[in-house]
1. Which of the following residues is of a type in the set (D, E, K, R) and under 23 Å from the mean Cα position of the chain (by Cα): Glu24, Glu55?
2. Restricting the search to the stretch 227-237, which residues are open to solvent by 50 Å² or more (accessible area, probe 1.4 Å) and free of Cβ contacts under 8 Å to residues at least 40 places away in the same chain?
3. Looking at Val168, is it aliphatic (A, V, I, L, M) and over 19 Å from Ser260 (Cα atoms)?
4. For the stretch 278-312, which residues satisfy the criterion of being assigned to a helix (DSSP H, G or I), in contact (Cβ under 8 Å) with a residue 40 or more places away in the chain and open to solvent by 30 Å² or more (accessible area, probe 1.4 Å)?
5. Of the conditions (1) surrounded by 15 or more Cβ atoms within 10 Å (Cβ to Cβ); (2) of a type outside the set (A, V, I, L, M); (3) touching a Pro at 6+ places or on another chain (Cβ under 6 Å), Lys102 satisfies every one except a single condition; which number is it?
6. Within the stretch 21-42, is there a residue that is of a type outside the set (S, T, N, Q), at pLDDT 95 or above and open to solvent by less than 40 Å² (accessible area, probe 1.4 Å)?
7. Output the number of residues of the stretch 218-257 satisfying the condition of being of a type in the set (Val, Ile, Thr), outside any loop (DSSP other than H, G, I, E, B) and more than 20 Å from the chain's Cα centre (by Cα).
Amino acid sequence: MKKVACVGILVADIIVEPVTSYPEKGLLLPVNSITLHNGGNAMTASINLKKLGVETTMIGKVGGDVFGSFLRDKLVSAGVNTAGLKTDENVQTSASVLMLDKTGERSFFHCVGTNAVFSEKDIDYSLIEDCDLVFVTGSFLLNTFDGVETMEFLKKCKEMGKTTFLDVCWDASGKWGELLNMSMPYIDYFMPSIDEAVCIAKKDDVEDIAEEFFKNGAKNVVIKMGSKGSFLRRNTDEKGQIFPICKGVTAVDTTGAGDSFCSGFLAAFARDCSLEECMRFANGTGAHCVMEKGATTGIKSYEEILDFVNKQ
């Protein structure tokens, strides 16, 4: 089975629920729970992949604080290789406060922290050499690494013969393609959500979006479309394919759903499944994520999720 390097953001997630309104200044509003969880695209993917039976290395940066220790301990207890996880004593660990409403939808406060100072110089390429698949995730929240450094890293990965995957976060700066398009020729599988894809490509239709990404050099496009399912198109195909969401799923918390989708795709890809099988398994993995609170809590074994997908 292929091994995966997850490169990108780690976040300590404080989840508050349910948040039905915001208290006025100086007042207190009771909630049912306030809990601490691991989050961040790369960390979520690395833990999910290990749960799915794939050997995984986490490459990123945390601070020398309580949140950093919490995230490192979570990775170690999950069995993820943390040799690529750096610690910066001068910057706090990235953290978010997630406010969930009664439907499971989220609003965020976010401190970018150590993710902002993670750089290509922090990467031990011997760890990359030991892996087959490289997943960069959290782009647009990696202030130093975004843009030229991401491009240079992915180019080196391709020169090393690795298969590359990339997912992004929402770009509050609005730079979008200005930061990412230079990396497209070195991305084998580009995996944004539909909202992010629209902003990057400046197109609305998934086929038009895929065409734009192909023009910039991407080899394959996978788009997460929420309740509409997911979209796959190879650059050799005239048209893409929509894969519907799984049925009979009640969403409790949508935190990490997109990351779990990517984790499922990578887990099936690592087993040499067809791309169609990867997409179906990815949908099933995302479905398991939203059925539990937290970014990684709901992920079961590869065999259990595969059985769920087959029954769909």
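The values are calculated or read from the model by the stated rules, or taken from the named source; none is laboratory data. Bear in mind that the values here come from a model prediction, so they are computed numbers and not experimental data. Note that each Cβ is placed from the backbone with ideal geometry, even for glycine, and that neighbours are counted across all protein chains shown. Remember, those area values only see protein heavy atoms, side chains included, never the ligands or the DNA or RNA. Shrake-Rupley method; radii C 1.70, N 1.55, O 1.52, S 1.80 Å.
1. Values: Glu24 fails: under 23 Å from the mean Cα position of the chain (by Cα).
None of the other options fit; the residue is Glu55.
2. The answer is Ser227, Lys228, Asn235, Thr236.
3. Numbers: aliphatic (A, V, I, L, M): yes; over 19 Å from Ser260 (Cα atoms): no.
No: the conditions fail for Val168.
4. Result: Phe308, single match.
5. Condition (1) is where Lys102 drops out.
6. Yes, the conditions are met somewhere in the stretch 21-42.
7. Step one: list which residues in the stretch 218-257 are of a type in the set (Val, Ile, Thr), which gives 221-223, 236, 242, 245, 249-250, 252, 254-255.
Remaining after also requiring outside any loop (DSSP other than H, G, I, E, B): 221-223, 242.
Subsequent filtering for residues that are more than 20 Å from the chain's Cα centre (by Cα) retains 242.
Count: 1.
Yes/no matrix, rows are residues, columns are (1) charged (D, E, K, R); (2) modelled with pLDDT of 95 or more; (3) surrounded by fewer than 18 Cβ atoms within 10 Å (Cβ to Cβ):
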position	(1), (2), (3)
Val148	no, yes, yes
Thr164	no, yes, no
Val168	no, yes, no
Tyr186	no, yes, no
Lys202	yes, yes, yes
